[in-house]
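Visitor: The structure follows.
The values are calculated or read from the model by the stated rules, or taken from the named source; none is laboratory data. All figures in this text were calculated on a predicted structure; none of them were measured in a lab. Ligands, DNA and RNA are stripped out before the accessible areas are found, and what is left, the full protein with its side chains, is counted by its heavy atoms. Shrake-Rupley method; radii C 1.70, N 1.55, O 1.52, S 1.80 Å.
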Amino acid sequence: MILRRWRGVIRTDARDAYRDYIAATGGTDYGSTPGNLGFQMLFRDLGDGTTEVTTLSWWENLDAIRGFAGADIALARYYPEDDDYLLERPMHVEHHAVVAGGKAP
């Protein structure tokens, strides 16, 4: 299993709108891509009017990620309205091999 991690920054007052926007774009695309095992979105308020956003998605293998991200899986995938929200738009994502785990409390 592979974990794909992306991180960006939005305005704190845009949290709810951004959450809904991602559910309708990236979340829908994750779920409709064969080999996707799920995703989560995390918010962390930075205390200066901005919020860090992290998306975590789980995949069966790297080929499944290519079905979502394209040939260069290291590049972040963006949608047309992302610039309306994102204050930081990193070019790359991280991939991690999941080697152990357990159930969340």
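Visitor: Where does the chain land at 222 nm, in deg cm²/dmol rounded to the nearest 500, when only DSSP H runs of n ≥ 4 count, each adding -39500 (n - 2.57), divided by all residues? Numbers along the way, then the final one.
Guide: On the way: 3 runs with 25 residues, N = 105.
Theoretical 222 nm ellipticity from helices: -6500 deg cm²/dmol.
Visitor: Per residue and in Å³, how big is the convex hull formed by the alpha-carbon atoms of the stretch 35-105?
Guide: 124
Visitor: How much of the accessible area of the chain, probe 1.4 Å, is carbon plus sulfur, in whole percent? Display every interim value, and only then the final one.
Guide: On the way: 3230 of 6210 Å².
The C+S portion of the solvent-accessible surface of the chain is 52 percent.
Visitor: Then there is this: Enter the accessible area per residue of the stretch 32-105 (Å², integer; probe 1.4 Å; all protein chains in place).
Guide: I get 64 Å² per residue for the stretch 32-105.
Visitor: Given N residues in the stretch 1-41, what is Rg(Cα) / (2.2 N^0.38 Å)?
Guide: 1.28
Visitor: Once amide H atoms are placed 1.01 Å from N in the peptide plane, what residues at a sequence separation of 5 or more from V9, or on another chain, have their amide H within under 5 Å of its amide H?
Guide: V53, L87, E88
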